[in-house]
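Asks: This is the structure I have questions about; it appears just below.
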Amino acid sequence: MTDTLAHTGTLPNSLRSQPDAAGHFGTFGGRYVAETLMPLILELEKVYKAAKADPAFEEEYDHLLKHYVGRPNPLYYAGRLTEALRADAQPGKGAKIYLKREELNHTGAHKINNCIGQALLARRMGKKKVIAETGAGQHGVATATVAALFGMECKIFMGAKDVERQKPNVFRMKLLGAEVVPVTSGSQTLKDSMNDALRHWVSNVHDTFYIIGTAAGPHPYPELVRDFQSIIGKEIRTQIMEAEGRLPDMLIAPVGGGSNAIGMFHPFLDDMDVAMVGVEAAGEGLHGRHAASLAGGKSGILHGNRTYLLQDEDGQITEAHSISAGLDYPGIGPEHSWLHEIGRVQYKPITDDEALASFQKLSALEGIIPALESAHAVAAAEQIAPTLDADKVIVVNLSGRGDKDIFTVADALGVEM
Amino acid sequence: MTGDRLSARFAACKAQQRAALITFVTAGDPTVADAPAILDALVAGGADIIELGMPFTDPMADGPAIELANLRSLGSGTRTKDIFDLAAAFRQRHPDTPLVLMGYANTMLARGSDWFADQCKTAGIDGVICVDIPPEEDGEIGPALRASGVHPVRLATPTTDAARLPAVLEGASGFLYHVSVAGITGKQQAAQASIEQAVQRLKAATDLPVAVGFGVRGPEQAAAIGRIADGVVVGSAIVDIIGSHGDAAAPFVRDFVATLRGALNANSPLFRETAA
């Protein structure tokens with residue numbers, strides 16, 4: 001299908017050729033950073049280009065993904081979930097649901113795919129210190145993990161509120177040898193940890209590499225994070241051909257910054273028969289507190305890129321809310337903003353309550369406890385699958401496992417542990 | 001540009017054989033109501049140029065002092081309209097003192113660059129420093145400012161190497177702001193020797209006045225930098241005074257600014273003769 005477009009002579013119109021040389025996806029993306037950081041960003045771009053062209057880089061990345069991360073992870077047909085939805089659907093309706101098992105990766109989520117790639121880049125640039133921001137702690141744990149693996153010094157910036165809410169992950173990061181820096185500014189959550197990571201980076205550019213956790217930030221981060229996460233979509237292509245002999249009809253993934261989603265979608269962007277749904281966190285609903293930047297925001301500039309942001313009419317950033325700490329961010333990766341504007345990907349809001357229900361349903365039906373982030377995608381699949389014919393195929397990105405969320409969920413359900 | 005108060009002021013300081021004193025405060029800190037008295041105190045203390053910070057919820061390039069000032073201002077309800085009103089009223093009271101608006105892209109561009117540039121022009125703002133728009137993204141704001149006769153002031157940093165400097169100077173106007181440390185506002189102080197080296201390098205590359213800021217906290221340091229640069233920027237130290245004294249800060253601000261100005265004056269043979 002990819003080749004179909006190429007052979008019609010419309011190759012320049014491929015949706016997979018973004019960003020342009022200056023890092024723009026349509027009007028989004030770009031490099032909006034302080035002058036101090038510009039030379040480093042430009043150097044990173046050069047190093048990344050060279051790495052992409054170097055077979056040894058790819059070989060080492062693939063080797064680590066296979067032997068350290070445990071890839072490829074399975075594409076699993078969720079038969080009991082599919083049948084349960086069919087039971088309540090009109091006759092002949094109820095698409096087949098497959099789950100891409102990113103939660104089976106080492107450290108329990110897709111985050112590690114990107115961290116391995118960026119740590120390899122840091123080493124190529126001769127940087128011995130890495131920093132990262134984290135919300136729920138998944139990206140912090142993944143960064144601390146690769147820092148241990150590569151023998152690098154590691155500092156993780158984490159909102160003070162999140163440090164309190166996510167004690168097990170804080171202890172994990174410390175076990176892995178990282179220093180966890182509680183961030184007390186602003187709302188003390190993910191966006192503030194990113195502010196402080198940027199502040200630290202600008203003061204330590206000479207020896208420090210910033211491992212950004214999502215497909216956002218100044219160019220070339222959105223591009224390189226997407227490329228490292230594209231292993232998800234590439235594996236799905238191969239696996240679904242084996243399972244079904246054809247490409248899927250729809251891909252569904254949760255979107256905070258959107259790295260797991262763009263990694264899943266990107267290899268399929270030119271396959272126009274494959275529909276795509278990104279699931280935003282609608283929190284208490286779009287009229288209450290939420291984190292749905294596309295549904296409730298507008299274009300603006302934050303953390304190095306132009307993208308959709310939750311903001312007021314003066315451009316002040318408004319606080320995001322989601323029961324999932326990993327989706328609790330007022331922005332979204334710039335490529336998603338572009339895909340939203342051109343209509344290639346549909347973005348669908350799912351509330352805290354809907355995600356909570358799916359969290360429990362998937363656990364009970366399939367024996368898989370999903371991360372709250374991933375539960376948003378499962379909830380979307382539950383709503384969409386019964387509207388599609390039974391011979392249709394949906395793949396849901398199960399981006400992370402839910403062990404980290406059991407306290408939050410118990411709390412929301414009023415269960416004392 | 002707009003009668004060009006900036007070049008007139010730098011020329012006047014040069015004629016007095018001293019560096020220009022550039023003082024920074026966050027607009028609406030601690031409240032919009034207190035702001036005019038604080039701006040007047042800067043002028044009364046001897047500030048040559050006022051940098052007015054546009055408060056932002058996420059001031060990533062700023063250290064704790066200015067971050068807190070941003071939160072104080074926003075917490076008391078400051079809106080973008082208030083900032084332009086403050087500037088316009090200041091322009092009425094002080095027709096010759098240049099005003100430079102400093103801040104972040106998202107608040108400057110929230111209603112589009114043309115709207116922003118037009119508001120700047122109408123309010124009598126002479127220059128704009130946008131911290132997170134590097135030369136590579138100049139198209140977001142530069143053309144609109146130039147069309148309105150407002151100077152886009154550029155930043156040069158310790159990481160701006162020789163290869164990159166021409167890109168920074170291309171389209172720069174008003175003055176060149178040398179960020180003396182790779183870091184955030186108000187934290188570390190740069191070594192005098194490294195500042196001297198940097199200023200020499202910049203002055204060899206441009207005819208624009210070169211001002212030095214970030215980490216300049218007191219009169220001695222201001223005087224040392226004033227001996228080599230065309231302007232000295234002091235921000236966090238003033239903002240700290242406002243943080244401590246709140247709505248009663250104006251006289252303290254005036255006295256502190258006067259010590260800075262005294263230190264710069266003392267570099268000039270003209271003032272030494274007057275004193276003798």
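The values are calculated or read from the model by the stated rules, or taken from the named source; none is laboratory data. The model shown is predicted, which means the values in this text are computed figures rather than measured ones. Using ideal geometry, Cβ is built from the backbone for each residue, glycine included, and neighbour counts are taken over all protein chains shown. We work out accessible area using only protein heavy atoms, side chains counted, and drop any ligands, DNA or RNA first. Shrake-Rupley method; radii C 1.70, N 1.55, O 1.52, S 1.80 Å.
Asks: Among rounded, prolate and oblate, which fits the range A:307-393 when a ≥ b ≥ c are the square roots of the eigenvalues of its C-alpha gyration tensor, a/c under 1.5 means rounded, and a/b larger than b/c means prolate?
Replies: oblate
Asks: Let me ask you something else. Shielding by partners for B:107-119, please: the mean number of other protein chain Cβ atoms within 10 Å of each residue's Cβ.
Replies: Taking all residues of B:107-119 together, the mean is 2.
Asks: I'd like the distance separating the alpha-carbon centroids of the range B:1-77 and the range A:144-190, in whole Å.
Replies: 36
Asks: Given DSSP loops and a limit of at most 13 other Cβ atoms within 10 Å, what is the longest stretch of chain A that contains no such GluC sites (Glu not before Pro)?
Replies: In chain A, the maximal stretch lacking such sites is A:1-312.
Asks: Report ³J(HN,Hα) in whole Hz for each residue of the range A:68-76, in order, from the Karplus equation J = 6.51 cos²θ - 1.76 cosθ + 1.60 where θ = phi - 60°; Gly and Pro get x.
Replies: With the stated coefficients, the range A:68-76 comes to 9, 7, x, 7, x, 8, x, 9, 10 Hz.
Asks: Using amide H atoms built 1.01 Å from N in the peptide plane, name the residues 5+ places from B:Ala20, or on other chains, whose amide H lies under 5 Å from its own.
Replies: Result for B:Ala20 returns B:Gly231, B:Val232.
Asks: What whole-number value in Å² describes the accessible area per residue of the protein assembly as shown for a 1.4 Å probe?
Replies: Ligands and nucleic acids excluded, the result is 35 Å² per residue.
Asks: Pull out a ≥ b ≥ c, the square roots of the eigenvalues of the alpha-carbon gyration tensor of the range B:191-276, then state rounded if a/c is under 1.5, prolate if not and a/b is larger than b/c, and oblate in the remaining case.
Replies: Cα axes put the range B:191-276 in the oblate bin.
Asks: Counting only other chains, and only Cβ atoms inside 10 Å, what mean value do you get across the residues of A:24-37?
Replies: Taking all residues of A:24-37 together, the mean is 6.
Asks: List the residues whose amide H sits under 5 Å from the amide H of B:Gly53, counting only those 5 or more places along or on another chain, with H placed 1.01 Å from N in the peptide plane.
Replies: Amide H to amide H, under 5 Å and 5 or more residues apart or across chains, B:Gly53 pairs with B:Val25, B:Thr26, B:Ala27, B:Met102.
Asks: Looking at the protein assembly as shown, what % of its DSSP beta bridges pair antiparallel, to the nearest 5?
Replies: 20
Asks: In whole percent, how big is the carbon plus sulfur part of the accessible area of the range B:168-276, probe 1.4 Å, protein atoms only?
Replies: Carbon and sulfur: 52 percent of the exposed surface of the range B:168-276.
Asks: Another question, if that's okay. Using a cut-off of 15 Å between beta-carbons, work out the net charge of the residues near B:Ile50 (Lys and Arg +1, Asp and Glu -1, B:Ile50 not included).
Replies: So the environment of B:Ile50 carries a net charge of 0.
Asks: Before we go on, tell me the buried accessible area for the A/B pair, both chains summed, 1.4 Å probe, in Å² to the nearest 100.
Replies: Roughly 2900 Å².
Asks: Under a point spin-label approximation (7 Å from Cα along Cα-to-Cβ), what is the A:Glu242-A:Ala53 distance to one decimal in nm?
Replies: Roughly 3.4 nm, to one decimal.
Asks: Which residues, if any, in the range B:181-214 have at least 30 Å² less accessible area in the whole protein complex than in the isolated chain, probe 1.4 Å?
Replies: Checking the loss per residue gives B:Ala182, B:Gly183, B:Ile184.
Asks: If you count only protein heavy atoms and use a 1.4 Å probe, how large is the accessible surface of A:Phe407, to the nearest 10 Å²?
Replies: 110
Asks: So for the range A:237-386: antiparallel DSSP bridges make up what percent, rounded to the nearest 5?
Replies: 40
Asks: So, one more: Tell me, how many Å apart are the Cα centres for the range A:363-388 and for the range A:63-90?
Replies: Using only Cα atoms to place each centre, the spacing works out to 11 Å.
Asks: Where the accessible area of the range A:188-321 is counted over protein heavy atoms with a 1.4 Å probe, how much of it, in %, is carbon and sulfur?
Replies: Looking at the range A:188-321 in its full context, I get 49 percent from C and S.
Asks: Could I ask something else about it? Have a look at A:Met194, A:Met38, A:Met173 and tell me which one the Gaussian network model of chain A (Cα, springs below 10 Å) gives the largest fluctuation.
Replies: A:Met38
Asks: Compute the signed sum of charges (Lys and Arg +1, Asp and Glu -1) over the other residues within less than 13 Å, Cβ to Cβ, of B:Asp230.
Replies: So the environment of B:Asp230 carries a net charge of +3.
Asks: Specify whether the C-alpha gyration tensor of the range B:5-275 places it in the rounded, prolate or oblate class, a ≥ b ≥ c being the square roots of the eigenvalues: rounded for a/c under 1.5, otherwise prolate if a/b is larger than b/c and oblate if not.
Replies: The shape class here is rounded.
Asks: Tally Lys and Arg at +1 and Asp and Glu at -1 over the other residues with C-beta under 12 Å from the C-beta of A:Arg123: what net charge comes out?
Replies: For residues surrounding A:Arg123, the net value is +3.
Asks: Counting partner chain Cβ atoms within 10 Å of every residue's Cβ in B:127-140, what's the average?
Replies: Rounded to a whole number, the mean comes out at 5.
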